[in-house]
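One structure below.
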Amino acid sequence: MKKIGIIGGGQLGKMMILDAKRLDYQFVILDPTVQCPAHSIADAHIVAGFDDIEAIKRLAERVDVVTYEFEHISLQALQELEAAGHKVYPSSETLGYIQNKYQQKCHLKKNKLSVPAFLPVETVSDIKQAGEQLSYPLILKTCTGGYDGKGNAVIDSEEDIPRAYEALGKGSLPLMVEEFVPFVKEVSVLACRSVNGQTVVFPVAENVHKDSILDETTVPAAISPETTREAMEVSEQCLHAFEACGMLCVELFVTKEGHVLVNELAPRPHNSGHYTIEGCVTSQYENHIRGILGLPLGSTKLIRPSAMKNIIGDHDAKAVLLGLEEAYQEPDVKIHIYGKEEVRKGRKMGHITATADTIEEALRQVRSAHAALRYE
Ligand code: ADP
C-alpha cells in the first residue's frame, strides 16, 4: 500500500485524497490548522507550520512520497528531504524556479516562452524608470507570497507609484513590475508530467475573476482552434522547461491578436482545474497522484462542456451553509464544500460544477445553484 504525504491540508489536498482513496492509498497531511479541509479524511495529520523543517522531515519518514498543495513552503525543507533520499514531487528544483515570480518569469523567458515585459525593482525611483521604459499602466507585484491578487497593485501613472509601493510593503518583500497586458481573455491549461516522463494536457479553460479571485471557469474556452493549439503547446513546453512532476497549471493571457502570454505557473492542481473532477475522464487530482507515483496518466478528454463557479465568503461568521436543497434543483450540478469552520470575506468555501450539452446550460445551472446557497 502506498503512503503519500501532503504539505498543506486545504481543499486541493482534500480533493487529491478523495480521488486517490479509490486506490486505497494512505495519506498523511501537514497543516497548522487542526480543522483544515483535509483533516476529516486524511489518515493522519501532523499539526505544524509550513516552515517547520523538523515536522516536514517527520512527515517524509512516514510516507513513500511527499507532495504539496501550495507553493509558499520552505524550499530548504524540500532540499533537505531530497538530500536525505526522500522522494519529493514536484522537486525542489521545480519549486525553486516557480516560487519567486521574478525568477519564474526569467526562467520562462530563457526557455523562449512569451511573457509580459517585466523588470525587477526595489525603490520608487526604480519603478519610475520602469514606467518610462514600459509605459503606464504598470502592475507592481511582490515576487513571493502573493495569491488571489494579494501582492499586486496597478499603477496608472507616475503620481500613483508611492501609493502602490506602500500598499505592497515599501520594498520589504522583493518586487517586480510588469507591463499591463490588455488581454481579451484569461485562460489556463492544466498539464501533467509523470516521473516516468509521460505528459498529458487538459483542455483549455476560460477563467473570469472577480476582485482578483477566480469566480467562474468554463471549458472548452471560447477561443480559436489556433489559439487553443498554441495554449496547449506552450503548456507542454512549460512541463519540460520546469521539469514538472505531477500537475502544473499554466495561467495565460490571450492577446487581441490571438496569441498567448504566460502569466504564472502553479506546480500543483489548481482552482481552475476543479472542473476536471466531473468534466474529464481523469481529474487533475488523480493525474497528480498517478504522476508522482510514476503510474500511467489517465485520459484528459472532456466528457461534456463544463462550468465551475467558486463559492466565496461575503462576510465573516461561523460557517453554516443554507440552501442545499434548493441548489440541488439543478440536476447537473455537483456541489463541493471544503469544510472550513469559519466563513470569511473573500475566502474560498467550496465550488459548484455542472456538465451539460452546452456551456451556456452548464453555466446557467452553476449560477442558479450558487444563487440558492448562502452562509448564515
Ligand atoms: P496571484 O499570484 O495573486 O494569482 P497574478 O499575478 O496571477 O496573481 O495576478 C492576478 C490577476 O491580476 C490575474 O489573473 C490578472 O487578472 C491580473 N494581472 C496580473 N498580471 C497582469 C498583467 N501583467 N497585466 C494585466 N493584468 C494582470
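Where a number appears in this text, it was derived from the coordinates with a stated rule and is not lab data. All values reported here derive from a predicted model rather than from experimental measurement. All Cβ positions, glycine included, derive from the backbone under ideal geometry; neighbour counts span all protein chains shown.
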| field | Subset of the stretch 21-35 (residues that are crowded, with 21+ Cβ neighbours inside 10 Å and touching a residue at least 40 places away in the same chain (Cβ under 8 Å)) | value | none
| said: Quick check on my filter: what residues within the stretch 222-241 are within 16 Å of the ligand (Cβ to nearest atom) and closer than 14 Å to residue 255 by Cα? | reply: 231
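Let's see how each residue does on (1) farther than 20 Å from residue 221 by Cα; (2) among the aromatic types (Phe, Trp, Tyr); (3) in a loop (DSSP other than H, G, I, E, B):
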site	(1), (2), (3)
326	yes, no, no
330	yes, no, yes
336	yes, no, no
350	yes, no, no
360	no, no, no
366	no, no, no
370	yes, no, no
| note | Looking across the stretch 122-169 at residues that are within 10 Å of the ligand (Cβ to nearest atom) and of a type in the set (Lys, Arg), the single one that is surrounded by the fewest Cβ atoms within 10 Å (Cβ to Cβ) is 150
| field | Of all residues in the stretch 236-245 being touching a Ser or Thr at 6+ places or on another chain (Cβ under 9 Å) and outside any loop (DSSP other than H, G, I, E, B), the one that is nearest to residue 359 (Cα to Cα) | value | 236
| task | Taking the options 159, 186, name whichever one is outside any loop (DSSP other than H, G, I, E, B) and closer than 17 Å to residue 123 by Cα. | result | 159
| query | Looking at residue 272, is it buried (at least 24 other Cβ atoms within 10 Å of the Cβ), under 23 Å from residue 307 (Cβ atoms), over 13 Å from the mean Cα position of the chain (by Cα) and in contact (Cβ under 8 Å) with a residue 24 or more places away in the chain? | reply | no
| query | From 13, 5, 9, which residue is closer than 21 Å to residue 270 by Cα and assigned to a loop (DSSP other than H, G, I, E, B)? | reply | 9
| task | Please work out if residue 218 is touching a helix residue (DSSP H, G or I) at 6+ places or on another chain (Cβ under 7 Å) and of a type in the set (Val, Ile, Thr). | result | yes
| request: Output the residues belonging to the stretch 190-215 that are within 15 Å of the ligand (Cβ to nearest atom) and on the phi > 0 side of the Ramachandran plot. | output: 211, 212
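Could you pull out the residue among 18, 30 that is among the hydrophobic types (A, V, I, L, M, F, W, C) and under 21 Å from residue 76 (Cβ atoms)?
On the way: 18 fails: under 21 Å from residue 76 (Cβ atoms).
Result of the check over 18, 30: 30.
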| task | Could you list, in sequence order, all residues of the stretch 170-184 that are buried (at least 16 other Cβ atoms within 10 Å of the Cβ) and within 12 Å of the ligand (Cβ to nearest atom)? | result | 176, 177, 178, 179, 180, 181, 183
| task | Pairs only if they're at least six apart or on different chains, beta carbon under 8 angstrom, first in the stretch 212-226 and surrounded by fewer than 15 Cβ atoms within 10 Å (Cβ to Cβ), second not in a strand (DSSP E or B); list them, first residue then second. | result | 212/148; 212/149; 222/359; 224/258; 226/258
| request: Look through 244, 191, 266 and report the one residue that is closer than 24 Å to residue 346 by Cα and either surrounded by fewer than 20 Cβ atoms within 10 Å (Cβ to Cβ) or of a type in the set (A, V, I, L, M) (or both). | output: 266
